[in-house]
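Below: the structure, in structure tokens.
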Amino acid sequence: MNAESSVISEPLIVGCWQLDNRSWKYLSETEVERTLDTYLAWGVTHFDTADIYGRSEKLLGRLLKGRDCTILTKAVLFGNIPTANQVRSKIENSLRNLQRETLDLVQIHWQNPQLDFTSTLEIFAQLVEQGKIRQLGVTNFNTPMLKKAIQFAPITTNQVQYSLIDRRVENSMQSLCLEKEIMLLTYGPLVGGFLADKFRGVKSPPPENEHARGFYYSSVIMRHGGWSPVQEMLNALAQVARKYELTIAQVALNWVKNQPGVGAVISGLTLERGQIQSNIEALQANIDSADLQFLSEKSADLFKQEGDIYSYERG
């Protein structure tokens, strides 16, 4: 699918898992509304959620009703193969939550690759034809799964983890997506915030007492080589950042956005206006290709990249 026909038309997508107060600090509806207004005022109109993110869909539905924006959601499928009615019920529920007649983009997460998802994908394809879903994507589908999925449904995007620490997408997924014109939507570009100035020079990772870092990204770092290479990567990022008067985080975001096949970078919702502005400016910065290549080479020297995407996370 070419860029002109994609629902994704901006380089920055706001990740809205942070609205799930079961996993993150509770944010009042007033705080969330004010923050969404800030994003919209600065031209950021793409928001990513999921049917399992607690109150996230309903909150976005209320606060973004009638606004000119794009909402991406996910249909997350655990357990056994769902019936056709179960799939349709999921989509109807997301339509109600988001207060929309059509879902802009539904991304399917299929947890168990041993189960045959053929019939399920065919139902999603029917929902596209019926106008319930504008476009269909997947999230964390590995290469064999994506090759199979495109035979049964019009897949336009794959949401995957991608950063200077985790580049497993480059092993086989990236080339497949480029060949099939499937856009990569990338989460975890800052590895849970670890690719930032405040962690440079820190001799050991902080205690695992923050949900996103403790639950997920600390293990990502250990899988790919540990804390010592992270420090070397931060030094390399700082070298480039000084040249362009940017922060380490801005350079790390920019690097991901400039990789082949990447259509947009997902960054978690923040109440900090300065952080919002910084993320926007990061993706607008012009970093010379030689400096981006320097970071790529440094990353390749420092971190292990074994297997397909979402290989150790699936369990």
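Just wondering, is there one or more residues in segment 216-236 that are farther than 25 Å from Ile309 by Cβ, of a type in the set (A, V, I, L, M, F, W, C) and at pLDDT 95 or above? No; the residues of segment 216-236 include none that is farther than 25 Å from Ile309 by Cβ, of a type in the set (A, V, I, L, M, F, W, C) and at pLDDT 95 or above. Residue count for segment 38-67 under the criterion of being in a loop (DSSP other than H, G, I, E, B), in contact with a Leu (Cβ under 8 Å, 6 or more places away or on another chain) and over 18 Å from Ser267 (Cα atoms): the result is 4. All conditions in (1) in contact with a Lys or Arg (Cβ under 9 Å, 6 or more places away or on another chain); (2) surrounded by fewer than 21 Cβ atoms within 10 Å (Cβ to Cβ); (3) assigned to a helix (DSSP H, G or I) hold for Pro82, with the sole exception of (3). If you scan segment 88-136, which residues turn out to be over 21 Å from Leu146 (Cα atoms), within 23 Å of the chain's Cα centre (by Cα) and of a type in the set (Gly, Ala, Ser)? Residue satisfying the conditions is Ser94 alone. Does Thr120 count as free of Cβ contacts under 8 Å to residues at least 60 places away in the same chain, hydroxyl-bearing (Ser, Thr, Tyr) and touching a Pro at 6+ places or on another chain (Cβ under 8 Å)? Yes.
Residues in segment 274-299 that are exposed (fewer than 13 other Cβ atoms within 10 Å of the Cβ) and part of a helix (DSSP H, G or I): Gly274, Gln277, Gln284, Ser289, Ala290, Gln293, Glu297.
Cβ-Cβ distances below 8 Å connect the following pairs, each with a first residue in segment 201-214 that is under 18 Å from Ser23 (Cβ atoms) and part of a helix (DSSP H, G or I), a second residue that is of a type in the set (Gly, Ala, Ser) and at pLDDT 80 or above, and a separation of six or more residues or different chains: His211/Ser23; Ala212/Gly192; Ala212/Gly193; Ala212/Gly268; Arg213/Gly192; Arg213/Gly193. Cβ contacts < 6 Å: first residue under 24 Å from His109 (Cβ atoms), restricted to segment 56-76; second residue buried (at least 17 other Cβ atoms within 10 Å of the Cβ) and basic (Lys, Arg), any location; separation 6+ or different chain. Result? Taking only residues 6 or more apart or on different chains, the pairs are Ala75/Lys90. The requirement of being touching a helix residue (DSSP H, G or I) at 6+ places or on another chain (Cβ under 9 Å), surrounded by 18 or more Cβ atoms within 10 Å (Cβ to Cβ) and not in a strand (DSSP E or B) is not satisfied by Leu136.
Looking only at segment 235-256, count how many residues are surrounded by 18 or more Cβ atoms within 10 Å (Cβ to Cβ) and outside any loop (DSSP other than H, G, I, E, B). I'd like the intermediate steps shown before the answer.
Keep residues of segment 235-256 that are surrounded by 18 or more Cβ atoms within 10 Å (Cβ to Cβ), which gives 236-237, 240-241, 246-256.
Applying the additional criterion that residues be outside any loop (DSSP other than H, G, I, E, B) yields 236-237, 240-241, 248-256.
Qualifying residue count for the region: 13.
Sort through Gln114, Gln107, Gln135 and tell me the only one that's polar (S, T, N, Q) and out of contact with any strand residue (DSSP E or B) (no Cβ under 9 Å at 6 or more places or on another chain). Walk me through how you get there before you give the answer.
Values: Gln107 fails: out of contact with any strand residue (DSSP E or B) (no Cβ under 9 Å at 6 or more places or on another chain); Gln135 fails: out of contact with any strand residue (DSSP E or B) (no Cβ under 9 Å at 6 or more places or on another chain).
Just one listed residue meets the conditions, Gln114.
Taken over segment 230-278, the criterion of being basic (Lys, Arg) and over 22 Å from the mean Cα position of the chain (by Cα) is satisfied by Arg242, Lys243.
The values are calculated or read from the model by the stated rules, or taken from the named source; none is laboratory data. In this text, all values refer to a predicted model and were calculated from it rather than measured experimentally. Virtual Cβ from ideal backbone geometry, glycine too; neighbours counted across all protein chains shown.
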